[in-house]
Amino acid sequence: MSKRTLQAIVLIFGILPIVTGLLAVTGGPDGMLVPEHTNSTVDSEVRFMAVYWLAYGVFLLTLVPRIDRAAVPFRAALAVMFASGLARLLSTMEMGRPHPVLFAATFVELLLPPVLWRWQASVASAATRPRAVVERESGGSDHGVQHADERHAAAR
């Protein structure tokens, strides 16, 4: 569960809404998976919401370099993703099953946030542990150097 792998996954989940958001803004409902004729109200709403989807992707990209230090904003983004999955689930229950890609997205939006939440917490925890502790846990050596946290503990 490395920081780099988490960053790569968040990068992908940031790029995806940017691309699909741009497609929905420029193509409206016709640019979606199953283009169907619709009315101007639905078209307007799809394009409007697509901007928020695009912004969500941009927001995720801003978290990638500092994923180990961005617990609160990252968890907020995960909560939004989970709530979106619940909204899709409600739509499926009321309107029927959507396109298979969107149906699969429902499960990703419901199952991925708890996994990423724990992963990010693990990465953040590792980033805040003293270097000597991390080296001992990973089998590395600190070559007999006493670090500041160890000196502080020894002084007590």
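Any read-out appearing in this document is the output of simple, stated calculations on the displayed coordinates, not a laboratory observation. In this text the structure is predicted, and so the values were computed from the model without any measurement. Glycine also receives a Cβ, built like all others from the backbone with ideal geometry; neighbour counts cover every protein chain displayed.
For E45, E36, E109, what's the fewest-to-most ordering of other Cβ within 10 Å of each Cβ? If you can, show how the numbers build up before the last one.
Numbers: E45 13, E36 8, E109 20.
Lowest count first: E36, E45, E109.
Give, rounded to the nearest 20 debye, the magnitude of the charge dipole that the range 3-135 has about its Cα centre when Lys and Arg contribute +1 at Cβ and Asp and Glu contribute -1 at Cβ. If you can, show how the numbers build up before the last one.
Numbers: 11 positive and 8 negative charges, 166 e Å.
Its charge dipole is roughly 800 debye.
I want to check the label-to-label distance for R69 and T5. Put each point 7 Å from Cα in the C-beta direction and report it in nm to one decimal.
2.5 nm
Percent relative contact order of the range 3-135, based on C-alpha pairs within less than 8 angstrom and at least six residues apart? Each step should come with its number before you reach the end.
Details: 126 pairs, mean separation 35.4, N = 133.
Here the relative contact order equals 27 percent.
Which of L6, L60 has the fewest other C-beta atoms within 10 Å, and how do the rest follow up to the most? Working shown, then result.
Working: L6 19, L60 24.
Taking fewest neighbouring Cβ atoms as first place, the list is L6, L60.
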